[in-house]
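Engineer: The structure under discussion is supplied below as structure tokens; questions concerning it will follow.
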Amino acid sequence: MKIKRLGFDARLIGETGVGRYIKNLLLCLSLIDPVNLYFIFLKSNDLPKFNFRNPNFHKIALDVKWHTLGEQLLLPFILQKYKLDLVHFPYFNVPLFYPGKYLVTVHDLIIDHTRTGRATTLPFPIYLAKRLFYKLILIKALKRAVKILTISKSTKKEIISHYQIPEDKILVTYDALDSDFLRLAQKLVPKKYYPFDYLLYVGNAYPHKNLEKLIMVMNDPQIKQRVKLVLAGTDWFFYPRLKKMVDQLKLKKSVYFFGNASDKQLIDLYFHARALIIPSLMEGFGLPNLEAVCLGILPLVSDIKVFREIWGNSLLYFNPHDQDDIKRIIISALNLPKQKIKKLVAKAQTRIDRFSWQKTAKDTLLQYQKI
């Protein structure tokens with residue numbers, strides 16, 4: 001079998017979400033493929049942070065910022081220097097003029113559902129132009145890719161429906177638990193940050209996360225008296241809007257902003273939460289649900305297709321558009337006996353084994369070898 005020269009655009013490895021995907025996939029690929037030559041393109045400051053045992057994995061400094069004109073114009077020339085048989089772009093930001101073969105991972109199609117100015121901090125005309133450019137890149141990436149990977153069947157169906165991509169061109173390779181997160185969870189003695197009962201939300205505050213609706217629910221007297229809300233996520237872009245809303249509703253004693261949490265802090269927060277709550281209108285996979293279930297915490301989640309796909313009927317679902325229904329599920333969860341909660345979590349835990357980085361890496365490598 002011919003030894004292939006494989007490129008992997010890992011510039012986003014330090015970011016949340018897609019960064020975990022890149023890190024875990026590369027780690028597992030390095031354990032199962034000692035043959036093919038890998039050229040891993042990283043930002044200079046990430047080079048010392050990530051090491052691979054196999055000598056066939058080569059780290060290359062690439063300080064070209066993503067979603068820029070530089071990325072579109074410079075990347076094709078840089079990548080061609082390495083005479084690569086295939087490049088894996090783990091995000092849809094593929095250079096329009098790259099002539100070589102590539103595989104792309106699409107995590108979600110949220111871009112197709114955010115058409116208003118609420119989804120940005122930019123002036124609307126600039127946002128509109130930027131969005132159109134991103135859409136052009138996404139369409140080209142999907143049409144020209146030799147294979148498309150996605151992290152759920154729900155996203156696969158959307159790609160087929162929105163862009164008329166043949167079904168056999170798309171392969172579902174699920175997300176899984178971060179290996180470092182698992183190791184840390186097994187040896188930590190959890191620290192308690194708050195002296196009260198709370199629901200935990202983990203993630204960013206983009207409009208599709210539906211946090212404004214959740215905060216409105218926290219303004220209900222029946223909820224306020226029984227439980228608080230803790231929001232854990234990087235304090236940028238849209239969180240300031242939510243803080244302003246909390247101030248206006250005088251909910252400072254009901255809604256708490258933890259800010260960006262390390263894995264250790266996140267485990268602490270999960271461990272002491274009454275439940276995780278995810279009111280998203282759309283998701284690609286929903287990693288916090290997996291983290292919570294792994295730690296024995298019950299998620300309360302939106303009744304959306306991807307969550308049903310991943311979890312079946314093992315979680316507690318609510319209509320994310322209906323404040324009364326969100327309130328209903330919160331009160332229902334607070335009233336559940338501990339034994340019932342344990343039973344529900346145990347049911348959800350039976351589904352965890354379906355998601356492993358080893359399987360995702362094996363399926364991804366098979367695609368590399370086929371091309």
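The values are calculated or read from the model by the stated rules, or taken from the named source; none is laboratory data. Bear in mind the structure is a predicted one, so any value in this text is a computation, not a measurement. Neighbour counts are summed over all protein chains in view; Cβ atoms, including those assigned to glycine, are modelled from backbone coordinates with ideal geometry.
Engineer: Failed condition for PHE124, given (1) crowded, with 18+ Cβ neighbours inside 10 Å; (2) modelled with pLDDT under 95, with all others met?
Structural biologist: Evaluating PHE124 over (1) crowded, with 18+ Cβ neighbours inside 10 Å; (2) modelled with pLDDT under 95 leaves (1) as the failure.
Engineer: With ILE159, ILE223, ILE215, ILE165 as the choices, which residue is closer than 21 Å to GLU309 by Cβ, in contact with a helix residue (DSSP H, G or I) (Cβ under 8 Å, 6 or more places away or on another chain) and not in a loop (DSSP other than H, G, I, E, B)? It would help to see each step written out before you state the result.
Structural biologist: Values: ILE223 fails: closer than 21 Å to GLU309 by Cβ; ILE215 fails: closer than 21 Å to GLU309 by Cβ; ILE165 fails: not in a loop (DSSP other than H, G, I, E, B).
Within the list ILE159, ILE223, ILE215, ILE165, the selection yields ILE159.
Rundown of residues vs (1) touching a His at 6+ places or on another chain (Cβ under 8 Å); (2) β-branched (Val, Ile, Thr), yes/no style:
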{"site": "SER262", "(1), (2)": "no, no"}
{"site": "LEU269", "(1), (2)": "no, no"}
{"site": "ARG274", "(1), (2)": "no, no"}
{"site": "GLY284", "(1), (2)": "yes, no"}
{"site": "ASN289", "(1), (2)": "no, no"}
{"site": "ALA292", "(1), (2)": "no, no"}
{"site": "LEU298", "(1), (2)": "no, no"}
{"site": "ILE304", "(1), (2)": "no, yes"}
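Engineer: Please specify each residue of the stretch 9-46 satisfying the condition of being farther than 25 Å from THR68 by Cβ, surrounded by fewer than 22 Cβ atoms within 10 Å (Cβ to Cβ) and among the polar types (S, T, N, Q).
Structural biologist: Result: SER30, ASN36.
Engineer: Let me ask something additional. Is it the case that the stretch 187-209 has a residue that's under 30 Å from GLN367 (Cβ atoms), out of contact with any Pro (no Cβ under 9 Å at 6 or more places or on another chain) and part of a helix (DSSP H, G or I)?
Structural biologist: Checking the stretch 187-209: at least one residue is under 30 Å from GLN367 (Cβ atoms), out of contact with any Pro (no Cβ under 9 Å at 6 or more places or on another chain) and part of a helix (DSSP H, G or I).
Engineer: Go through the stretch 35-118 and tell me which strands (runs of 3 or more DSSP E), entirely inside it, have 2 or more residues that are modelled with pLDDT under 95 and within 25 Å of the chain's Cα centre (by Cα).
Structural biologist: On the way: elements: 37-42, 57-61, 86-89, 102-106.
Here the list is empty.
Engineer: Name the pairs: first residue in the stretch 161-190 and under 30 Å from LYS370 (Cβ atoms) and in contact (Cβ under 8 Å) with a residue 12 or more places away in the chain, second residue in a loop (DSSP other than H, G, I, E, B) and not hydrophobic (A, V, I, L, M, F, W, C), Cβ to Cβ under 6 Å, at least 6 apart or on different chains?
Structural biologist: ALA176/SER356
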